[in-house]
Structure formats: C-alpha cells, structure tokens
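Here is the structure we will look at, set down as structure tokens.
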Amino acid sequence: MAPSKGDASVSCSQPENGFLNSLSLLSSEKAVQELLQQSPVQSTDDHLIEFSDAMRTVAKALRRAAEGKASAQAEAAEWKRKYELERARNLLLEHKEQSHRENNGDDERTENLASRSNEQSEQCCGSNGICSHEVLRDGDRDSASKVVPNKCARKASFKLSWCCKGDQSDQHKHDIVSFERGNITTAERSSKQISLKWESQPQTVIILTKPNSTSVRILCAEMVRWLREQKKLDIYVEPRVRAELLTESSYYNFVHTWKETEIMLLHTKVDLVVTLGGDGTVLWAASMFKGPVPPVVPFSLGSLGFMTPFHSERYQEYLDSILKGPISITLRHRLQCHVIREAAKNEYETEGPILVLNEVTIDRGISSYLTNLECYCDNSFVTCVQGDGLILSTTSGSTAYSLAAGGSMVHPQVPGILFTPICPHSLSFRPLILPEHVTLRVQVPFNSRSHAWASFDGKDRKRLAAGDALVCSMAPWPVPTACQVDSTSDFLNSIHDGLHWNLRKTQSFDGPRDA
C-alpha cells in the first residue's frame, strides 16, 4: 500500500537535537522514488499527474533538508573544535600566569636555592638521588603579576629534570645541579675539596693489617696500645690479628673482633678504619663493607702506595689530628657489578652485587682465541671488543691495570668509568671515559669461540659462558679516604713518587741559544 502525503509529512517532522533526522529523510525520499517507479502514471489521469508532481516536490524537499542538516552538523563540529582549542589555550595561559606568580613571589627561595636543592633531592627522590629543581626566572618580584610585553628582552625560565628508572635501577646521582636566574651551575661539592668534621668524638676504630709482615705486626701492637691508653678508644681487629696479639701478651684482651655473620653490620659499630699496608690492604678494607664505608686512614707500608699518603713513622701525629678533625677526604667511587647467566629468566636474577674499588677485568684466560665481547651503554650498542680483554675501571683504579693497558690517569674524585681495551685487535680502538650515571653491559655472544673470565679487583674470578653478561654501574657508597694535604696534592704526589711521572734530566744551558 502506498503512503499518503500525510504519512510523508509525519515522517519528516520528527526533530532530533534541533535538526531533522537525515537517515529518515533519505529513507522517505527513497520510498517516494520507488513508488513512482512501481506505479506508472497515465497521461490522461490529471489527478495522478498532480500526485506524481507533488511527490517529486516532496522528494526534492527531503533531499534539501538532509543536505542542510549535514552542512549544519559539520559547521557545528567546526565551531566546537574552535571552542575547545580556545578553551585549552586560555587554560594554558592561566596556568602559566599562576606558575609565573608562584615562581616570582618568594625572594627567599631565590637566595637559598642551592641549599634547598639538597632537601628537595632527599624528599622527592628517595634512594635514587635524582631530583628535578625549578629555575627561577630573571626579573623583579614586584613585576611578577604584570604582563610582560613581547618587545621586552628577558631571559626565559626553564626546568631541567632527571627521570628515575624505578626501584630496580642501579642509576645514582652523586652531584646536584642548582639553577639561579636562568644560569646553570654545579654545586660546591663538585668544585671544592670535601672536608669531614666530627659531630661527636670517635669511639671505635678498626685496624686492618697486611698479613705475613713482621714490621706491620710490630706497628699494629704499638698502635693498639697507644690508641687504648692515650685516646681511650674501643679497638677492633681481624680474628687472625687478635690471635697474634694474644699470643704476644694477655694485655690485649680488650681488643675486639667479629664473627663472619657480623661483617654486614660492621659499619654500624666502627667510626674509623685504619689500614697498615699498601694499596692492596685498602682494597681489602673496602671489600669488607658491602654498604656504607667509614672514613679510612691508610698508612703506607707497601711498595707503591697510590692510596696510602700517611707515613707510619708519624702515626701518632696523624691520628691525633684526624681524631680531632676536621680532615680532608677523597670520595673514591666504587663499581657495582652483577653477573647475569644465560639461563636467568630476567635481569634481576643475578649473581652479586660485587663491589670493586679499582677495576673489573674481562679477559680470555688461558684460551688461545681472542675475546669476543658485545658492549652496551644504557642499552645503546658501544662496540664489539676483540682482543685480550676489557677493563672497566674507576678513577681510583686509573693508575693500576687500566694505566698499564694504555688508559689515562684520572683524578680519583672525578666521577666516571674508564673503558679500556686490553691489546685490542684494532689500532683505532682507543680508551674511553664515560660518565658516572651510565650502566654498562658486557655480554659474551652466542657465536663466541670460547668463554671469558671476569675478575674483580684481581680476585673472585668468574667464568662467563656464551650468553652470560656482566652489568656494571656506579655504586652508591664511595670509600672516603683521609688526605694528608688534600685530594689533588695527594694524587699528584702519588704519581710523582710512585710512577716518577714525567721525570727526566733538565735540558742543559750550554747549548745554542737565540740571538
């Protein structure tokens, strides 16, 4: 049955959100066209001709209404988009104006920004030690609420931040960057000598000695007696040393020692560490503390002594000055190493951590094949090491194995990691010095001809098979060693005395001269 004119008018009169429903309009127009095609009109019937013309007119009207609605909807969407953009722009301007007022409304924060940066890093960074600090814009605080014209040349304010990787991250930041009036400066810690001042008198001292040395054993007994009688200190020694002291005399019953299970808590009992020996004794002392390390006073009774500036003949004078304080110290950074086996399910199933003060060495061992090591720095590919091996060294260890392999000598207080190849199979493979915050990954590829070996400060040798990896980063706990003068003077004296650095005969004055 064909629809009537009244039905068509009803179908096109239902509004939706102020507009006609275009779908119903198009359906009505289609129905009209089908009706005209199915019911042929005779030219002799005037009424049918009128009805056919009326239906065509209704179809045209429906089509125009649908087109009008589509155009209106498109125009409304465009106006809505413009409104949202304008609204977002206004909110952004309002936020910038509010931030501008907050940054310029406190003059005291501008003057004390450097000191407040330390507090912010502790509050918002936690154990990662990385924090973002705001930069105060250049300008008077009275003009904070005024609109600055574009023609006025002013320094733009900005913000720098470091992103924390999470609780599992090995990344640590030891320095703080402070910002003042748009200029970036480093904190005083990185540019000045570090000084340690006792807030309370030291009560406990641990003495670590080089074994199998008669002169060291005699000096240890004298030092223990002097520290007990003159300074009234509690003294800890190794179990081996305590047995030697008691064999000599029962007078040394007051000397304490520790059990194997108590080593992890040793730093909570000891205020000062005294080492009697060479650099190897300092390395041994550092390896005993897996976390924080008390200040170390190293006395020289070895052969070279890059880290032992104090002479044993004047130990009473030195210890008396150190116990009174303040003292200059050198923060010697350590590396934290993990061995990840190929069978591990994730990177957190590791062997370690292993802390080293000098270096970690990956070499080929007794194999006749070259080492084949893939090296990555923060997940970026560095190079493939083919040669006798690779040394990852601290700056304190720059005068040790790394120097013999062609690496640079670096001041021990410079925070960095030395990347030194051992006899590389390429003349263009030169050593690198990388920043302290990077994480290095050295992996033995699956197509390697043989396995490699890793040693940590010359001991604890571990085998690295194909697929195994060594992950190395800066440890958060440095080794603070006391300085005789200051860190720079002690470092220069050590390379002059120990290495005879740049020692040569002076050029004679009886040769040819300029006119």
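Part of a strand (DSSP E or B) and either open to solvent by less than 30 Å² (accessible area, probe 1.4 Å) or modelled with pLDDT under 95 (or both): is that true of residue 449 in this structure?
Considered against the rule, which asks whether it is part of a strand (DSSP E or B) and either open to solvent by less than 30 Å² (accessible area, probe 1.4 Å) or modelled with pLDDT under 95 (or both), residue 449 comes out as no.
Is there a residue being closer than 12 Å to residue 362 by Cα, outside the structural domain of residue 293 (by the TED database) and either without any contact (Cβ under 8 Å) to a residue 60 or more places away in the chain or of a type in the set (Ser, Thr, Tyr) (or both) anywhere in the stretch 466-473?
No, that holds for no residue.
Could you grab the pairs with beta carbons closer than 8 Å, sequence gap of 6+ or different chains, first residue in the stretch 281-303 and free of Cβ contacts under 8 Å to residues at least 12 places away in the same chain, second one open to solvent by 10 Å² or more (accessible area, probe 1.4 Å)?
Sorted first by the residue in the stretch 281-303, then by its partner, the list stays empty.
Quick check on my filter: what residues within the stretch 386-414 are over 20 Å from residue 436 (Cβ atoms) and without any contact (Cβ under 8 Å) to a residue 40 or more places away in the chain?
Scanning the stretch 386-414 gives 388, 404, 405, 406.
Could you say whether any residue in the stretch 331-342 is surrounded by fewer than 16 Cβ atoms within 10 Å (Cβ to Cβ) and in the same structural domain as residue 401 (by the TED database)? I'd like the intermediate steps shown before the answer.
From the stretch 331-342, those surrounded by fewer than 16 Cβ atoms within 10 Å (Cβ to Cβ) are 341-342; that's our starting set.
In the following step, the residues that additionally are in the same structural domain as residue 401 (by the TED database) were identified as 341-342.
Yes, there is a match, as at least one residue in the stretch 331-342 is surrounded by fewer than 16 Cβ atoms within 10 Å (Cβ to Cβ) and in the same structural domain as residue 401 (by the TED database).
Those residues that are open to solvent by 90 Å² or more (accessible area, probe 1.4 Å), charged (D, E, K, R) and part of a loop (DSSP other than H, G, I, E, B), I need them from the stretch 474-515; list them, please.
504, 505, 510, 513, 514
Check residue 447 against each of (1) in the same structural domain as residue 359 (by the TED database); (2) under 31 Å from the mean Cα position of the chain (by Cα) and name the one condition it does not meet.
The failed condition is (2).
Can you tell me which residue in the stretch 350-379 is nearest to residue 403 (Cα to Cα), limited to those that are among the charged types (D, E, K, R) and not in a loop (DSSP other than H, G, I, E, B)?
Per the criteria, the residue is 359.
How many residues does the stretch 304-349 contain that are in a strand (DSSP E or B) and farther than 30 Å from residue 445 by Cα? Give the steps one after another, and end with the answer.
Restricting attention to the stretch 304-349, the residues satisfying the condition of being in a strand (DSSP E or B) are 310-311, 327-332, 335-340.
Filter again for farther than 30 Å from residue 445 by Cα, leaving 310-311, 327-332.
Count: 8.
Looking at (1) modelled with pLDDT of 90 or more; (2) surrounded by fewer than 20 Cβ atoms within 10 Å (Cβ to Cβ); (3) hydrophobic (A, V, I, L, M, F, W, C); (4) closer than 15 Å to residue 444 by Cβ, which is the one condition that is false for residue 377?
Among (1) modelled with pLDDT of 90 or more; (2) surrounded by fewer than 20 Cβ atoms within 10 Å (Cβ to Cβ); (3) hydrophobic (A, V, I, L, M, F, W, C); (4) closer than 15 Å to residue 444 by Cβ, the lone unmet condition for residue 377 is (4).
Go through the residues of the stretch 281-291 one by one and say whether even a single one is touching a helix residue (DSSP H, G or I) at 6+ places or on another chain (Cβ under 9 Å), open to solvent by less than 40 Å² (accessible area, probe 1.4 Å) and farther than 26 Å from residue 393 by Cα.
Checked the stretch 281-291: no residue is touching a helix residue (DSSP H, G or I) at 6+ places or on another chain (Cβ under 9 Å), open to solvent by less than 40 Å² (accessible area, probe 1.4 Å) and farther than 26 Å from residue 393 by Cα.
Out of the stretch 364-385, which residues are closer than 17 Å to residue 434 by Cα and in contact with a Cys (Cβ under 9 Å, 6 or more places away or on another chain)? Walk me through it before giving the result.
Looking only at the stretch 364-385, we keep the residues that are closer than 17 Å to residue 434 by Cα, and these are 374-385.
Listed by number, the residues that qualify are 374, 375, 381, 382, 383, 384, 385.
I'm trying to understand the selection: among the residues of the stretch 241-269, which are assigned to a loop (DSSP other than H, G, I, E, B) and open to solvent by 10 Å² or more (accessible area, probe 1.4 Å)?
249, 257, 258, 259, 269
Looking only at residues that are within 30 Å of the chain's Cα centre (by Cα) and open to solvent by 30 Å² or more (accessible area, probe 1.4 Å) in the stretch 292-327, which one is farthest from residue 194 (Cα to Cα)?
306
So is residue 356 farther than 23 Å from residue 478 by Cα, crowded, with 24+ Cβ neighbours inside 10 Å and either outside the structural domain of residue 283 (by the TED database) or not small (Gly, Ala, Ser) (or both) or not?
No.
Restricting to the stretch 380-403, and then to whatever is out of contact with any Phe, Trp or Tyr (no Cβ under 9 Å at 6 or more places or on another chain) and part of a strand (DSSP E or B), can you tell me which residue is surrounded by the most Cβ atoms within 10 Å (Cβ to Cβ)?
Selected residue: 388.
Among (1) closer than 22 Å to residue 287 by Cα; (2) within 25 Å of the chain's Cα centre (by Cα); (3) assigned by the TED database to the domain that holds residue 339, which single condition is residue 481 missing?
(3)
Which of the following residues is open to solvent by 60 Å² or more (accessible area, probe 1.4 Å) and either touching a strand residue (DSSP E or B) at 6+ places or on another chain (Cβ under 8 Å) or not assigned by the TED database to the domain that holds residue 301 (or both): 411, 425?
425
The values are calculated or read from the model by the stated rules, or taken from the named source; none is laboratory data. Since the model is a prediction, treat every value here as computed from it, not as a measurement. We place every Cβ from the backbone using ideal geometry, glycine too, and count neighbours over all the protein chains shown. Surface areas here come from the heavy atoms of the whole protein model, side chains and all, with no ligands, DNA or RNA. Shrake-Rupley method; radii C 1.70, N 1.55, O 1.52, S 1.80 Å.
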